[in-house]
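See below for the structure under consideration.
The values are calculated or read from the model by the stated rules, or taken from the named source; none is laboratory data. Just so we're clear, the structure is a prediction, and the values are computed from it rather than from any experiment. So basically every Cβ, Gly included, is an ideal-geometry build from the backbone, and we count neighbours across all protein chains shown. Note: areas computed on protein heavy atoms with side chains; ligands, DNA, RNA excluded. Shrake-Rupley method; radii C 1.70, N 1.55, O 1.52, S 1.80 Å.
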Amino acid sequence: MKSLKDVIRTCIGCRGKFTQPILIRFVGQKDGTLQIDNEKKLHGRGAYVCRSESCILKAFQAPRRINSMLRTQLTHASIKQFEKTLLRYTKESDSTTAKKEVLL
């Protein structure tokens, strides 16, 4: 049985291929929102993006592409709001990782 470390996914920003734990997965919800899937277990169509700001900005440049990829109809405003949330999430997780490294 394959573990998550063996599964390869493509970043929708840079189109690079990485193991699943490196990327952030997000899922389109039925209520018209997007949600970060930390555990990689949420149901629904998902997409993956690198943790870099440049990949996130590139991935969310065209809201129609997000809708097409997730097979949903999210508003431009909700997609832009999620982009801001995702950028904030990556900055917070980077600072937490840096703190852990300092403590070790």
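Just a few scattered comments:
- Separation of the LYS17 and ARG64 label points, Cα + 7 Å toward Cβ, nm: 2.9
- Counted charge near GLY28, where neighbours are those whose Cβ lies closer than 12 Å (Asp, Glu -1; Lys, Arg +1): +2
- Between ALA77 and ASN38, the modelled labels are 2.8 nm apart [label points 7 Å from Cα along Cα→Cβ].
- On full extension, the segment bounded by GLN29 and THR10 gains 4.8 nm, given 0.36 nm per residue less the C-alpha separation.
- Element breakdown for segment 1-96 at a 1.4 angstrom probe: carbon and sulfur atoms account for 53% of the accessible area.
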